[in-house]
Amino acid sequence: MGETSLTFIVFCMAAILAWHMVAEAGIWPDYVFPSPSGVFSALAHGITDESFLHGTIASLKRMAMGFGIALVVGISLGVAISQSKHIEHTLGTLILGVQTLPSICWLPLAVLWFGLSDKAIMFVVVAGAVGSITMAISSGISNVPPIYINAARTMGAKELNLYYEVIFPAALPTIIAGVRQGWSFAWRSLMAGELIYVSAGLGQLLQVGRELNDINQVVAVMFVIMSIGFLIERLFFTSIEMDVRKKWGLGAKRA
Amino acid sequence: MKKGDSKTGAREGRVPKISIQGVSKEFHMKDGKLSALDGIDIDVGEGEFLCIVGPSGCGKSTLLNIIAGLQMPEKGRVLMGGKEVRGPGPDRVVMFQESALFPWLTAIQNIEFGLKMKGVGKEERRGIALHYLNLVNLKRFENSLVHELSGGMKQRVALARALAMEPEVLLMDEPFAALDAQSRDQFHIELQQIWMKTGQTIVFVTHNVSEAVCLGDRVILLTYRPGRVKKEFRVEYPRPRESRGVPKLGSIASRILSELRVEFERYMKEALHDGRN
Ligand SMILES: Nc1ncnc2c1ncn2[C@@H]1O[C@H](COP(=O)(O)OP(=O)(O)O)[C@@H](O)[C@H]1O
Ligand SMILES: [Mg+2]
């Protein structure tokens, strides 16, 4: 682990150096191809005047709300689908179909319904995440080995207990993978949604940079968005996933 | 064979612990139906160690699941202490061939599971679980994860988990079939020792004739397709018995095996005959 992160740091430094050299070569004007120093000072500026912080907080708040709603809706739909073959063949198939829609395609509809508003963005976030979560919950539950359920039932587990103590834990590896995918879809649709509306989020900072023709700001905000996405997806979800896999003895999956 | 021939086992004048009465089960397949069990009558006495032996596919697991209440018979019924079985319950715990331990729990948490479902408090159930973990000689593996245990150790935990429930009846479905011969022999001795200590009523199902003879007070032989009670054998020999090298047990085993052979030949003839039509 230590060795791989060291390699990664060396790689980053080399990449920045190469970037610097290309920028210095002056092939393109610096409003087309920004230099590392320009981007870093934009980054420093955004951090010191706290605009990046406020943008991040605004985006994460929206994300938490939207994703929270998506979790509640996805878990309910997923459990419902796993309860009956009929619901699976009807509602399940519908959701599977709708899920193939890139979530940003919901945006025009959301704007028609809610106007250029926070609600529209929230809607796109929820729409982006619900499908993956629903499918993960329902397939996770239907693939629980019957022997676990039988064993639990002969030991007196029933109804809610059976769900809390056996079915959900047994389905957890599948559920985590789906929730993680739902999160990354939602994060993408949130950024896209924030671009179109005075939203105070990171997406808007990106848009402002474009309007000011400030490429340094645009790239700096891209870095922020990437870092947050990376931190949450890789560090948070991957570490939970690894914990579960280790506990189950499933071995490491290609991340 | 007359129906009811095999209906023995319970001591005179006492309600048997389990009474299997005319149990039949069919499975409906694409190409017709398969009669897995046909009119099974068996009584199991309190504290009895009963083995049911028969070739693979003769319906042993189905019968055990019906006693457990995990499956329902088409015809007939199972009485548990005089009351009809309508579903699974902690008075009849099953130990399966695969350990069926929960991989998200540690060894000790697995043993505590059923007690938790019963509503036993944290401290108390930890105490009980440790007692049974000790009984199966796995004290040091309290906090091991399931995947860290060998096949034999998993079955030890599964046995402790079942015993910790202190069920009225312990139902065992070929629990040692996947183990190597040495572990199996070891288990046979230990299971008998535990049985002598606890007086637990056990219904043990296996396709392994010498295992059945080694463990059972009584061995019931099932036929193949449909599963019927063919014959029963009493095994009277001091415990703990070894599963190998005991002449008396060996002779009972070879009697059972020759019955099985007759059964197998009958089945093959019928299958050939059916195939020609
Ligand atoms: N759910 C099921 N659907 C169809 N056939 C089944 C099912 N369960 C068991 N069977 C069939 O019933 C017969 C008895 O099965 P089982 O009780 O598992 O036998 P055993 O445990 O003695 O090997 C087998 O022929 C098996 O194929
Ligand atoms: Mg079986």
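The rows are residues; the columns are (1) touching a residue at least 60 places away in the same chain (Cβ under 8 Å); (2) more than 16 Å from ligand 2 (Cβ to nearest atom); (3) in a strand (DSSP E or B).
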site	(1), (2), (3)
B:37	yes, no, yes
B:41	yes, yes, yes
B:61	yes, no, no
B:66	no, no, no
B:86	no, yes, no
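Quick one: which helices (runs of 4 or more DSSP H) lie wholly within the stretch A:182-255 and hold at least 3 residues that are in contact with a Ser or Thr (Cβ under 9 Å, 6 or more places away or on another chain)? Can you show your working first?
Values: elements: A:202-211, A:215-230, A:238-248.
Correct list: A:202-211, A:215-230.
So residue B:102 fits all but one of (1) within 22 Å of residue A:145 (Cα to Cα); (2) within 16 Å of ligand 1 (Cβ to nearest atom); what number is the exception?
(2)
I'm trying to understand the selection: among the residues of the stretch B:122-133, which are loosely packed, with under 13 Cβ neighbours inside 10 Å and either among the basic types (Lys, Arg) or touching a helix residue (DSSP H, G or I) at 6+ places or on another chain (Cβ under 9 Å) (or both)?
Correct list: B:122, B:124.
Could you figure out which of (1) at the interface with chain A (Cβ under 9 Å from one of its Cβ atoms); (2) surrounded by fewer than 23 Cβ atoms within 10 Å (Cβ to Cβ); (3) within 16 Å of ligand 2 (Cβ to nearest atom) isn't true of residue B:116?
(3)
Residue B:214 is checked against (1) at pLDDT 90 or above; (2) surrounded by fewer than 17 Cβ atoms within 10 Å (Cβ to Cβ); (3) in contact with a helix residue (DSSP H, G or I) (Cβ under 6 Å, 6 or more places away or on another chain) and fails just one. What number does that condition carry?
(2)
For the stretch B:101-113, how many residues meet the condition of being buried (at least 22 other Cβ atoms within 10 Å of the Cβ) and part of a loop (DSSP other than H, G, I, E, B)?
1
Search the stretch B:216-234 for residues that are away from chain A (no Cβ under 14 Å) and closer than 20 Å to residue B:249 by Cβ and pair each with any residue that is open to solvent by 10 Å² or more (accessible area, probe 1.4 Å) and within 16 Å of ligand 2 (Cβ to nearest atom) when their beta-carbon atoms are under 6 Å apart and the residues are at least 6 apart or on different chains.
Listed by first residue and then by second, the contacts come to B:230/B:223.
Checking residue B:94 against (1) open to solvent by less than 70 Å² (accessible area, probe 1.4 Å); (2) more than 9 Å from chain A (Cβ to nearest Cβ); (3) touching a strand residue (DSSP E or B) at 6+ places or on another chain (Cβ under 8 Å), which test does it fail?
It is condition (2) that residue B:94 fails.
Rundown of residues vs (1) of a type outside the set (Phe, Trp, Tyr); (2) on the phi > 0 side of the Ramachandran plot; (3) assigned by TED's automatic domain parsing to the domain that holds residue A:125; (4) surrounded by fewer than 18 Cβ atoms within 10 Å (Cβ to Cβ), yes/no style:
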residue: A:9; (1), (2), (3), (4): yes, no, no, yes
residue: A:13; (1), (2), (3), (4): yes, no, no, yes
residue: A:26; (1), (2), (3), (4): yes, yes, no, yes
residue: A:45; (1), (2), (3), (4): yes, no, yes, yes
residue: A:48; (1), (2), (3), (4): yes, no, yes, yes
residue: A:69; (1), (2), (3), (4): yes, no, yes, yes
residue: A:84; (1), (2), (3), (4): yes, no, yes, yes
residue: A:93; (1), (2), (3), (4): yes, no, yes, yes
residue: A:96; (1), (2), (3), (4): yes, no, yes, yes
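Based on this model, can you work out whether residue B:205 counts as within 16 Å of ligand 1 (Cβ to nearest atom) and more than 13 Å from chain A (Cβ to nearest Cβ)?
Values: within 16 Å of ligand 1 (Cβ to nearest atom): yes; more than 13 Å from chain A (Cβ to nearest Cβ): yes.
Against the criterion (within 16 Å of ligand 1 (Cβ to nearest atom) and more than 13 Å from chain A (Cβ to nearest Cβ)), residue B:205 qualifies.
If you take the residues of the stretch A:221-255 that are more than 14 Å from chain B (Cβ to nearest Cβ) and touching an Asp or Glu at 6+ places or on another chain (Cβ under 9 Å), which of them is farthest from residue A:34 (Cα to Cα)?
Among residues in the stretch A:221-255 that are more than 14 Å from chain B (Cβ to nearest Cβ) and touching an Asp or Glu at 6+ places or on another chain (Cβ under 9 Å), the one farthest from residue A:34 (Cα to Cα) is A:253.
Would the stretch B:246-263 turn up any residue that is at pLDDT 90 or above, buried (at least 20 other Cβ atoms within 10 Å of the Cβ) and part of a strand (DSSP E or B)?
Within the stretch B:246-263 (the criterion being at pLDDT 90 or above, buried (at least 20 other Cβ atoms within 10 Å of the Cβ) and part of a strand (DSSP E or B)), the answer is no, since none of the residues qualifies.
Given (1) more than 16 Å from residue B:204 (Cβ to Cβ); (2) touching a Ser or Thr at 6+ places or on another chain (Cβ under 8 Å); (3) within 16 Å of ligand 1 (Cβ to nearest atom), where does residue B:89 come up short, assuming only one miss?
(3)
Taking the stretch A:120-165, which residues are facing chain B (nearest Cβ under 9 Å) and among the charged types (D, E, K, R)?
Matches in the stretch A:120-165: A:153, A:158, A:165.
The values are calculated or read from the model by the stated rules, or taken from the named source; none is laboratory data. Note that this is a predicted model, so its numbers are computed, not measured. Virtual Cβ from ideal backbone geometry, glycine too; neighbours counted across all protein chains shown. These accessible areas exclude ligands, DNA and RNA; they are computed on the full protein's heavy atoms, side chains included. Shrake-Rupley method; radii C 1.70, N 1.55, O 1.52, S 1.80 Å.
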